[in-house]
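Undergrad: Sharing a structure with you now.
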Amino acid sequence: MTQRRLDSVRSMYDERSDQYDENEVHVKQARDYLQWAQLKEGESVLDLACGTGLVALGAKSVVGPSGHVVGVDISEGMLNVARRKAEADGVEVLFLNHDISDFSGLDIIPKGSRGFDVITCAAALILLQNPLQALRHWKTLLCPGGRFITDVQTKDANLIMNIFAAIAPEVEESVPWEAQRWQSQDALEQLVVDAGLVVQKIFETDSYATTRYERAMAPDLFDRAVVKSMFKNFGREAIREKARALFIDRIERFARPSGTVNEECRYWVVIATVP
Ligand SMILES: C[S@@+](CC[C@H](N)C(=O)[O-])C[C@H]1O[C@@H](n2cnc3c(N)ncnc32)[C@H](O)[C@@H]1O
């Protein structure tokens, strides 16, 4: 990842960290990860882009004291929330600040093992510039037969993120997520296969949330979006009016012909193993 991109992700999540757990979608998805992972007592888990520890702390409660959980994230704000929760619950999880796309020089495989039993990467793959390179490396951190679970949001799951990604080039901005790459479940399957993993299951989740947008809401949606850390670059004075017009135009196009867009927040999830 380029330093600029990492800095952008870091500051985006540092700013969001204290409110992050208020988003029910992430809380529910983390709960589902624990089911999909089918963890057993004593297993070792590496949770990549662990954020506030929703998956990592849940995993520790299943693998127990004989298990071992490591969470890695680039945002110190998110990690601090995770560490505070771990301390409050008296839970031992190792939370490390590192770029998950490059672990070179970091020795994290549990001592005396051939790798982690399970690696999870929840709600973060779309933030990586080169996910294939990252997955090939993560595979080396798994033990033979180890399980890997990740997801990407379905192509229509987040209208606002998609619109900002689409208009970014027109206002000479960039976004630190890859909306275009993830247009189908097949793209996720192909990535996992190319990384040398064996797909056990790939599926689309039920909807975690439904949001209804109306054409008339567009100006207000833009104004509310650009005060958030994720989209604040589009609120810079130099480009704000152009970005606003482009944003409103996109919403209007999406909302045709009925004047409304219903967004379903779903994910494509893959569960794979090391052959
Ligand atoms: C949407 S949050 C997901 C957090 C957590 N996995 C969850 O499900 O709640 C995305 C996380 O990915 C982290 N992240 C993004 N790119 C990263 C990278 N290259 N290295 C480490 N963490 C990264 C962000 O800091 C953020 O905490």
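Undergrad: Calculate one ³J(HN,Hα) per residue across region 6-16 by plugging θ = phi - 60° into the Karplus curve 6.51 cos²θ - 1.76 cosθ + 1.60, and present them in order as whole Hz with x for glycine and proline.
TA: Here the 3J(HN,Hα) series is 4, 4, 5, 4, 4, 6, 4, 7, 4, 5, 7 Hz.
Undergrad: Let me ask something additional. Amide H to amide H, which residues 5 or more places from Leu142 or on other chains are under 5 Å from it, using H placed in the peptide plane?
TA: Phe116
Undergrad: Relative contact order for the chain: what is it in percent, counting Cα pairs under 8 Å that are at least 6 residues apart?
TA: Values: 507 pairs, mean separation 53.4, N = 275.
Computed over the chain, the figure is 19 percent.
Undergrad: So, one more: Given contacts defined as C-alpha pairs under 8 Å and at least six residues apart, what's the relative contact order of region 159-275, whole-number percent?
TA: 41 percent
Undergrad: Here's something else I'd like to know. Counting only Cα, what are the radius of gyration and maximum Cα-Cα distance Dmax of region 234-275, in Å?
TA: Computed over the Cα atoms of region 234-275, radius of gyration and Dmax are 17.9, 53 Å.
Undergrad: If each residue of separation counts as 0.36 nm, what is the full-extension length gain between Asn262 and Lys111 once their alpha-carbon separation is subtracted?
TA: 49.5 nm
Undergrad: Between Asn97 and Ala187, what length comes free when the chain is fully extended (0.36 nm per residue of separation minus the Cα-Cα distance, one decimal in nm)?
TA: Taking 0.36 nm per residue and subtracting the Cα distance, the gain is 29.5 nm.
Undergrad: Which ³J(HN,Hα) values in Hz, rounded to whole numbers, follow from the phi angles of region 171-184 under the Karplus curve 6.51 cos²θ - 1.76 cosθ + 1.60, where θ = phi - 60° and Gly and Pro get x?
TA: 10, 6, 10, 9, 10, x, 9, 10, 5, 5, 5, 9, 9, 7
Undergrad: Mind jotting down a quarter of the surface of the convex hull over the alpha carbons of the chain, in square nanometres, one decimal? Numbers along the way, then the final one.
TA: Numbers: hull surface 57.2 nm².
Directional mean of the projected Cα hull area for the chain stands at 14.3 nm².
Undergrad: Oh, and also: Taking the solvent-accessible surface of protein heavy atoms with a 1.4 Å probe, what is the per residue accessible area of region 1-150 in Å²?
TA: It amounts to 45 Å² per residue over region 1-150.
Undergrad: Radius of gyration and Dmax for region 25-156's Cα atoms, expressed in Å?
TA: 13.6, 44
Undergrad: While we're on this one: Please determine, in degrees from 0 to 90 and to the nearest 10, the orientation of helix 54-63 with respect to the longest principal axis defined by the Cα atoms of the chain, where the helix direction is its Cα long axis.
TA: 20 degrees
Undergrad: Counting only helical runs of four or more DSSP H residues, what would the 222 nm mean residue ellipticity of the chain come to if each run contributes -39,500 (n - 2.57) and the total is spread over all its residues?
TA: -12000 deg cm²/dmol
Undergrad: Gain in length, Lys28 to Glu252, computed as 0.36 nm per residue apart minus the alpha-carbon separation, to one decimal in nm?
TA: Length gained, Lys28 through Glu252: 77.5 nm.
The values are calculated or read from the model by the stated rules, or taken from the named source; none is laboratory data. Worth saying up front: this structure is predicted, and the values here are computed from it rather than measured. The protein model used for the area step is the full one, side chains on, heavy atoms only, and it has no ligands, DNA or RNA in it. Shrake-Rupley method; radii C 1.70, N 1.55, O 1.52, S 1.80 Å.
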